[in-house]
Amino acid sequence: MTSLGLKPVETVSTSTQIIEQFVEMIRTDKLKPGSCLPSEASLAKSLGTSRATIREALSGLKVLGLLESVPGKGNFVKKPAVNYQLEGIIDTIRSRMTFLEALEARRAIEGEVCYLAAKRRTSSSLREIESSLRKCKDVKSVDEFIEADYEFHLALAKASDNRLFIQFIKEALLKLGQPYYNAIKLAEAADDRSSVKRLFGKSYDDHEAIYRAILEGDSAAARKSMLNHLQAAKQKFTGYYETAEAEAEDGHGSSEDEALADDGTGGHPAGSRAEDVRPTASGS
């Protein structure tokens with residue numbers, strides 16, 4: 001902050017601007033739970049951006065717990081969780097907290113979460129963890145991976161039977177969601193899809209090790225497995241960021257927007273108020 005009290009100007013990506021608009025529309029009831037959003041192509045045309053950017057924004061809304069996809073029908077607005085503070089989401093989205101900083105914070109908490117989960121597990125909590133683990137095994141896209149990963153880590157927090165841990169993990173994953181998604185997209189943008197596929201497999205193996213330790217009631221092993229998992233994630237995504245930075249310096253970090261073509265999904269039912277979404281300022 002300067003001597004005049006001015007704050008540094010932040011560059012906000014196009015997808016973040018889109019997320020902020022939808023969050024505000026949900027907060028003010030212009031978009032109500034159950035509303036179906038227009039198709040990706042329609043949104044891209046209305047907002048003057050690419051479908052890739054629209055997909056990134058929609059994935060961010062899913063991670064925030066504000067949107068769900070119904071195969072063959074489209075994307076629908078979800079009712080926010082009871083303790084969900086929509087007023088604070090925009091600040092969260094604009095936060096300067098980096099992905100790697102978030103991982104460090106999670107290492108300090110989730111090791112203990114797994115330690116307690118192994119001690120306090122119940123048949124019900126084990127079923128929930130196992131169910132989320134199966135979803136992790138079947139992921140085929142970045143969107144599916146992000147959602148399955150969220151469900152697994154939240155199931156672990158619930159198994160710890162500590163309400164503060166549960167709330168912390170929800171908030172941590174909320175803050176982590178968009179940079180997490182962006183980090184994976186860095187690999188895809190570099191045509192490194194094989195690396196992304198390996199990430200899915202490695203994440204599942206790590207999750208399975210955590211689950212097995214909790215199932216067996218081995219608190220020490222559960223904690224160690226989680227710490228190893230998050231350390232591996234830190235190393236993996238550090239590499240993604242370094243690759244992206246190197247490409248940007250070489251002038252090869254951008255790609256052309258894909259053509260706008262209606263995919264036939266989504267729609268404009270009453271209450272969706274697509275006309276209230278404004279074109280965004282130029283951004284990445």
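The values are calculated or read from the model by the stated rules, or taken from the named source; none is laboratory data. Only a predicted model underlies this, so the values are computations on that prediction, with no experimental measurement involved. So basically every Cβ, Gly included, is an ideal-geometry build from the backbone, and we count neighbours across all protein chains shown.
Residues of the stretch 51-77 that are without any contact (Cβ under 8 Å) to a residue 12 or more places away in the chain and either outside any loop (DSSP other than H, G, I, E, B) or in the same structural domain as GLN167 (by TED's automatic domain parsing) (or both): GLU68, VAL70. For the stretch 24-50, a residue qualifies if it is part of a helix (DSSP H, G or I) and surrounded by fewer than 22 Cβ atoms within 10 Å (Cβ to Cβ), and the qualifying residues are GLU24, MET25, ARG27, ALA41, SER42, LYS45, SER46, LEU47. Can you spot a residue in the stretch 223-237 that is modelled with pLDDT under 90, of a type in the set (Lys, Arg) and either in contact with a Cys (Cβ under 9 Å, 6 or more places away or on another chain) or part of a helix (DSSP H, G or I) (or both)? Yes; the residues of the stretch 223-237 include at least one that is modelled with pLDDT under 90, of a type in the set (Lys, Arg) and either in contact with a Cys (Cβ under 9 Å, 6 or more places away or on another chain) or part of a helix (DSSP H, G or I) (or both). Out of LEU186, LEU164, LEU173, one residue alone is in a helix (DSSP H, G or I), at pLDDT 90 or above and either surrounded by fewer than 17 Cβ atoms within 10 Å (Cβ to Cβ) or not small (Gly, Ala, Ser) (or both). It is LEU164.
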